[in-house]
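The values are calculated or read from the model by the stated rules, or taken from the named source; none is laboratory data. This one's a predicted model, so the numbers in the text were calculated from it and none came from an experiment. Note that each Cβ is placed from the backbone with ideal geometry, even for glycine, and that neighbours are counted across all protein chains shown.
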Amino acid sequence: MTLRNLTQQFASEGRIEVIILRPARGELAVVVDEARAEPGQGLLGDRRANTVRSGRQSSKRELTLFQAEHLPLVANWCGVAELQPTRLRRNLVISGLNLIGMRSPFPDLVLEWAIGDEVIIQVTGPCDPCSKMAAELGVGSYNALRGHGGMTARILSGGLIRVGDRVSLSAVLRSEPKSK
């Protein structure tokens with residue numbers, strides 16, 4: 001068994017626990033039961049999709065993901081009893097999968113993930129905490145979230161995402177390594 005093979009194996013599927021939209025800059029994030037994902041835009045109704053110009057190329061940050069199992073850890077490290085996911089301003093809270101493992105460590109291997117029956121995404125990298133999150137959560141929260149801020153993703157195929165949808169490995173693609 002090679003390291004490449006090991007990075008393509010997952011013991012279970014994930015699950016969408018929470019869907020969050022950020023309607024506009026400075027407005028409170030809202031929880032919804034479902035949202036439409038559009039390639040090149042993100043989730044319709046989210047501020048990122050609202051500000052996209054037509055004809056724009058796909059972004060590595062169309063979706064932001066947060067690990068459901070990290071909520072109590074981050075809450076503890078921030079000194080709060082409970083942490084509502086809306087305070088983190090990430091689009092999808094996912095349980096059951098290690099989000100970091102959803103991104104291949106090999107540049108020539110792409111892991112594609114199915115969400116429900118329609119949506120296909122590619123996890124593109126870490127979603128580091130920002131000063132807005134630190135202001136929202138208080139002193140020490142920036143360091144509490146380092147390495148636990150979530151992941152970003154690109155939408156490859158759009159459709160409806162619902163709370164409770166499964167998240168599973170859909171395809172493993174090999175691409176030519178990019179020359180330097």
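So for segment 82-91 (the condition being within 29 Å of residue 12 (Cα to Cα) and part of a strand (DSSP E or B)), does at least one residue qualify? Please lay out each step first, then the result.
Initially, segment 82-91 is screened for residues within 29 Å of residue 12 (Cα to Cα), giving 82-91.
Now restrict to residues that are part of a strand (DSSP E or B): none.
So far as segment 82-91 goes, no, none of its residues is within 29 Å of residue 12 (Cα to Cα) and part of a strand (DSSP E or B).
If you go through segment 113-132 one residue at a time, how many are in contact with a strand residue (DSSP E or B) (Cβ under 7 Å, 6 or more places away or on another chain) and among the acidic types (Asp, Glu)?
If we filter segment 113-132 for residues that are in contact with a strand residue (DSSP E or B) (Cβ under 7 Å, 6 or more places away or on another chain), which is where we start, we get 113-116, 118-127.
If we keep only those that are among the acidic types (Asp, Glu) as well, we get 118.
Number satisfying all stated conditions: 1.
Among the residues of segment 76-106, what is the count of those that are of a type in the set (Gly, Ala, Ser) and out of contact with any Gly (no Cβ under 8 Å at 6 or more places or on another chain)? Steps first, answer last, please.
To start, the set of residues in segment 76-106 that are of a type in the set (Gly, Ala, Ser) comprises 79, 81, 95-96, 101, 104.
When the remaining residues are screened for being out of contact with any Gly (no Cβ under 8 Å at 6 or more places or on another chain), the result is 81, 101, 104.
Looking only at that region, the number is 3.
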Checked segment 80-110 for anything at positive phi and at pLDDT 90 or above; matches are 96
Pairs returned, first residue in segment 144-160 that is without any contact (Cβ under 8 Å) to a residue 24 or more places away in the chain and charged (D, E, K, R), second residue that is assigned to a loop (DSSP other than H, G, I, E, B) and surrounded by fewer than 23 Cβ atoms within 10 Å (Cβ to Cβ), beta-carbon separation under 9 angstrom, 6 or more apart or interchain, are 146/128; 146/129
Residue 128 passes all but one of the listed conditions (1) closer than 13 Å to residue 66 by Cβ; (2) modelled with pLDDT of 85 or more; (3) crowded, with 16+ Cβ neighbours inside 10 Å; the exception is number (3)
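I'd like to know if segment 24-36 contains one or more residues that are within 18 Å of residue 168 (Cβ to Cβ), assigned to a loop (DSSP other than H, G, I, E, B) and not polar (S, T, N, Q). Walk me through how you get there before you give the answer.
Residues of segment 24-36 that are within 18 Å of residue 168 (Cβ to Cβ), as a first pass: none.
For segment 24-36, residues within 18 Å of residue 168 (Cβ to Cβ), assigned to a loop (DSSP other than H, G, I, E, B) and not polar (S, T, N, Q): absent.
Just a yes or no: is a residue in segment 57-71 without any contact (Cβ under 8 Å) to a residue 24 or more places away in the chain and surrounded by 13 or more Cβ atoms within 10 Å (Cβ to Cβ)? If you could, list the steps in order and put the result at the bottom.
The first filter runs over segment 57-71 and keeps only residues without any contact (Cβ under 8 Å) to a residue 24 or more places away in the chain, leaving 57, 71.
Narrowing the set further to residues that are surrounded by 13 or more Cβ atoms within 10 Å (Cβ to Cβ) leaves 71.
Yes, there is a match, as at least one residue in segment 57-71 is without any contact (Cβ under 8 Å) to a residue 24 or more places away in the chain and surrounded by 13 or more Cβ atoms within 10 Å (Cβ to Cβ).
Out of 164, 101, report the one residue that is under 19 Å from residue 74 (Cβ atoms) and either crowded, with 19+ Cβ neighbours inside 10 Å or out of contact with any helix residue (DSSP H, G or I) (no Cβ under 9 Å at 6 or more places or on another chain) (or both). Lay out the reasoning, then the answer.
Values: 164 fails: under 19 Å from residue 74 (Cβ atoms).
None of the other options fit; the residue is 101.
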Pairing a residue in segment 1-24 that is under 16 Å from residue 88 (Cα atoms) and polar (S, T, N, Q) with any residue that is outside any loop (DSSP other than H, G, I, E, B) and modelled with pLDDT under 90, where Cβ atoms lie under 9 Å and the two sit 6 or more apart in sequence or on different chains, gives none
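Restricting attention to segment 134-150, and to residues there that are of a type in the set (A, V, I, L, M) and buried (at least 22 other Cβ atoms within 10 Å of the Cβ), which single residue is farthest from residue 105 (Cα to Cα)? Full working, then the answer.
Quick first cut of segment 134-150, residues of a type in the set (A, V, I, L, M) only: 134-135, 137, 139, 144-145.
Subsequent filtering for residues that are buried (at least 22 other Cβ atoms within 10 Å of the Cβ) retains 137, 144-145.
Numbers: 137: 31, 144: 24, 145: 22 Å.
The selected residue is 137.
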